[in-house]
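Engineer: A single structure is presented below for examination.
Every read-out reported here was derived from the displayed coordinates using simple, explicitly stated rules and does not represent laboratory data. Model, not experiment: these values are computed from the prediction. Cβ sites come from the backbone with ideal geometry, for glycine too, and all protein chains shown count toward neighbours.
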Amino acid sequence: MGVTRIPQWLRQTLVFAGAWHLMLGVTIIISPFAFYDLSGLTRPNYPQAWQAVGILTASMGIGYAIAARNPIRYWPVILIGWIPKLLVPLGFLWYIARGELPLAFGSLILIHDVVWLAPFTMLLWLAVRDQAAGEYPRSVFRGTIRDAMSHAITDTGVSLLELSESTPRLVVFLRHFGCIFCRETLGDLHKLRSAIESAGVKLVVVHMGMPDEGDEVLARYQLQGVDAVSDPLRELYQAFDLQQGSFTQLFGPREFARGFIATLKGHVVGLFQGDALQLPGAFVVSRGTILRAFRHRSASDRPDYVALARGECDFPARQVRGNTAA
């Protein structure tokens, strides 16, 4: 699990949210008709039900105040509060459209739900980034690419640097094994393996799991014999300048659309193993140098592996950085 810094203003917002919910809850309990009278709404027939809402609101206020001390640790409390703050405004709009609720009721929804939605969402995203970083902490790598390749030992006991000295290699970095796009990539590599190797380039797969986990997954996609590197600390990922993705890079509309297409192809989402935020990439390397590179801009990008493999791999002249082949 990573160590995520929470901005002070977000902590303070959570404290204010706790105070507001506690104050509102107590007010509803003591004076259940106050909001209805101020808004010009008809008093409810059963104020006891509205007072029960006040008890729940005050209880959540206490929870937010406690969560403000450590929002990452107490993220489930924030999630429990976030869900109604998202669904209540949507339900209000639905009933307004049907003419079943007075517009005046929206004033309470605005100040009690809508205003807290953005900071609660930001806090949950920070918690996701911390929780989804995987079991192993992300190592800080400050060496060269050659250093990283010399330290990257494949499942056959040979370093990636040694492999690149003998034959150009197409090094494919995967996302976590539960990712539907990771599974789609493995399916693509199985289909394209012959075309890639006919270009004089051999495959190497880099993953974030343990060696036995990698062997099992590669065998599942009939990629036996492909060299694999286990990199749970993501040192090789960092050396090749592969970053963690932002919210839109991981959960944008395009990702949902592409995920649906991948599902139609028979791929399914699994439990994440490794850093769920890590973006993948593909590189042709030779003699310890990057010749061609594809760094994913989003989780759902699909590079042309055959086009990468057919590059001028025998004469490494310069490193190519970016998102397209050189």
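Engineer: Charges only on Cβ, +1 for Lys and Arg, -1 for Asp and Glu: so what's the dipole of the chain about the Cα centre, in debye to the nearest 20?
Structural biologist: About 700 debye.
Engineer: Mean 1/r over all different Cα pairs, inverted: what Kirkwood radius does the range 1-62 give, in Å?
Structural biologist: Over the range 1-62, the inverse of the mean reciprocal pair distance is 13.1 Å.
Engineer: Diagonalise the Cα gyration tensor of the range 145-309 and give the resulting equivalent ellipsoid semi-axes, square root of 5 times each eigenvalue, largest first, whole Å.
Structural biologist: 24, 17, 15
Engineer: Read through the labelled values (i) 1.09; (ii) 1.14; (iii) 0.99 and report the label of the one computed as Rg/Rh (Cα atoms, Kirkwood Rh) from the structure.
Structural biologist: The calculated read-out lines up with (ii).
Engineer: Within 10 Å of each residue's Cβ, count the other Cβ atoms and sort H207, H176 from fewest upward.
Structural biologist: H176, H207
Engineer: Considering the options S164, A195, L223, tell which one lies farthest towards the positive end of the dipole of the range 145-309, charges being +1 on Lys and Arg and -1 on Asp and Glu at the Cβ, about the Cα centre.
Structural biologist: A195
Engineer: Between R43 and S139, what's the calculated FRET efficiency when r is the beta-carbon distance and R0 is 56 Å? Round to 0.05.
Structural biologist: Rounded to the nearest 0.05, the efficiency is 0.35.
Engineer: So if I place +1 on the C-beta of Lys and Arg and -1 on the C-beta of Asp and Glu, and nothing else carries charge, what would the dipole magnitude of the range 1-160 be about its Cα centre? I want it in debye, nearest 20.
Structural biologist: For this selection, approximately 320 debye.
Engineer: Sticking with this one: Based only on other Cβ atoms within 10 Å, what is the fewest-to-most ordering of E255, E165?
Structural biologist: Fewest-to-most ranking of E255, E165: E165, E255.
Engineer: Along the charge dipole of the chain, pointing to its positive end and built from +1/-1 on Cβ of Lys, Arg, Asp and Glu, which listed residue (M60, H151, P89) has its Cα farthest out?
Structural biologist: Positive-end residue among those listed: P89.
Engineer: What ranking do K85, K191 get, fewest neighbouring Cβ atoms within 10 angstrom at the top?
Structural biologist: Least to most surrounded, the residues fall as K191, K85.
Engineer: So what's the back-of-envelope 222 nm ellipticity for the chain, counting only DSSP H runs of four-plus at -39500 (n - 2.57) apiece and dividing by all residues, rounded to 500?
Structural biologist: Dividing the helical sum by the residues of the chain leaves -15500 deg cm²/dmol.
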